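The values are calculated or read from the model by the stated rules, or taken from the named source; none is laboratory data. Predicted model only: the values in this text are computed from it and were never measured. Here the Cβ is made from the backbone with ideal geometry for all residues, glycine too, and neighbour counts use every protein chain on show.
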Amino acid sequence: MDGTRGDNLTADLKYDSVGSFSFNADEGYVTHLEKSADSVLYAISQAPDGRNPWNVKLNVRTGVFPKSGVGYRVKFDIEATQNQQLFEVFYDGNREAGFGQLFDQRLVAGQKKTVSYIVNGNSGLGELVIQIRLGKTDGKAGNIYKISNVTMEEVKFGYAPNQITRSTSELWTHEDYAGTLSTTATSATVRMTTVPAQGKEAWKTKLFVETGAKLQAGQKYRITLTTSGSEGMPYEVCLNHGGEEKGLGGIFGLSAMADGDTITYVTTPDKDIDLVLQFSLGNAWTGGSFTVRNIKVEKAGASSTVSNVTYTF
């Protein structure tokens, strides 16, 4: 979504400041953070056998409080002394509730990587914090990372009027879960009819919406949808490119409330995909219901306009 750029909003960010950069690591990791005037060095000198991206987190407080409906381009440079096949980047407002952004990112030893993405502002999140998740090193010896040139800019969005209508939805349940799917011209509703007394897991019941949208590698897209649920139905939403378990990351720890909530997610796929939205609903109760409506996929264009795709069910 390459809109008009504004001024750098992080001009006062200090790399040698205790307030701008912080980190936390799970047991079994040995880490160290060094700060200088123009960059930080973050070292993982020891990692355990079991390594996941979320086990080690570097938090960057930007000092920016996003405004609703405003886009922000987030950029930073990262380089590492060793190859790393996986790290993730999130943004959040309180350093804990991460909102998925970039998954399956890779580092080549000695090569600087510029990470750039656009988020849609939400004033309810508070200060925007970039969260770089580095725990899944390629080996137990860890890695050393250099982070520099952190910037944020406001981005203006434009919208093109062309509309394409698609329609497909499917419900899948596993083990002792069961549910029913009902649809209207603009929504899909899942009602849980059977839920085990124990062992509720978010991915045991899934609603798939096969959007028909074909996302191109390297292109930015904004996905917007509205959800609602009975008495705070918990759920997760993932991007999926076909197949039961082929999730591409998404937004977790959500709760669909009776009065509805609008979810916005910005992604840049690293390969061409047929976009499927996957809603995981198993962590619920018998009789609970979940509804999704108003799905829209917006693609950035060279002229800073966006093509909309609106779906019926």
> Can you pull out the residues in the range 1-27 that are within 21 Å of THR81 (Cα to Cα) and touching a Gly at 6+ places or on another chain (Cβ under 9 Å)?
Replying inline: ALA25
> What single numbered condition from (1) within 20 Å of LYS136 (Cβ to Cβ); (2) surrounded by fewer than 18 Cβ atoms within 10 Å (Cβ to Cβ); (3) at pLDDT below 90 fails to hold for PHE87?
Replying inline: (2)
>> Just to check your reading of the model, which residue among TYR29, TYR42 is closer than 14 Å to ILE144 by Cβ, modelled with pLDDT of 90 or more and touching a helix residue (DSSP H, G or I) at 6+ places or on another chain (Cβ under 8 Å)?
In response: TYR29
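Hey, can you tell me all the residues within the range 185-238 that are of a type in the set (Gly, Ala, Ser) and part of a strand (DSSP E or B)?
Passing the criteria: SER187, ALA188, GLY212, ALA213, SER228, GLY229.
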> Is it fair to say GLY110 is loosely packed, with under 13 Cβ neighbours inside 10 Å and at pLDDT 90 or above?
Replying inline: yes
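If I filter the range 270-282 down to residues being crowded, with 19+ Cβ neighbours inside 10 Å and outside any strand (DSSP E or B), which single residue comes out as modelled with the highest pLDDT?
LEU281
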>> Residue under question is TYR117, and the condition is that it be assigned by TED's automatic domain parsing to the domain that holds LEU41, surrounded by 21 or more Cβ atoms within 10 Å (Cβ to Cβ), at pLDDT below 85 and not acidic (Asp, Glu); does it hold?
In response: no
> Mind checking whether some residue in the range 187-202 is touching a Leu at 6+ places or on another chain (Cβ under 8 Å) and modelled with pLDDT under 85?
Replying inline: yes
> VAL64 fails exactly one of the following numbered conditions: (1) closer than 14 Å to ILE130 by Cβ; (2) assigned to a strand (DSSP E or B). What is the number of that condition?
Replying inline: (2)
>> Give all pairs with beta carbons closer than 6 Å in which a residue from the range 37-62 that is loosely packed, with under 15 Cβ neighbours inside 10 Å meets a residue that is of a type outside the set (Gly, Ala, Ser) and in a strand (DSSP E or B); count only pairs at least 6 apart in sequence or on separate chains.
In response: SER45/VAL30; GLN46/VAL30; TRP54/ARG133
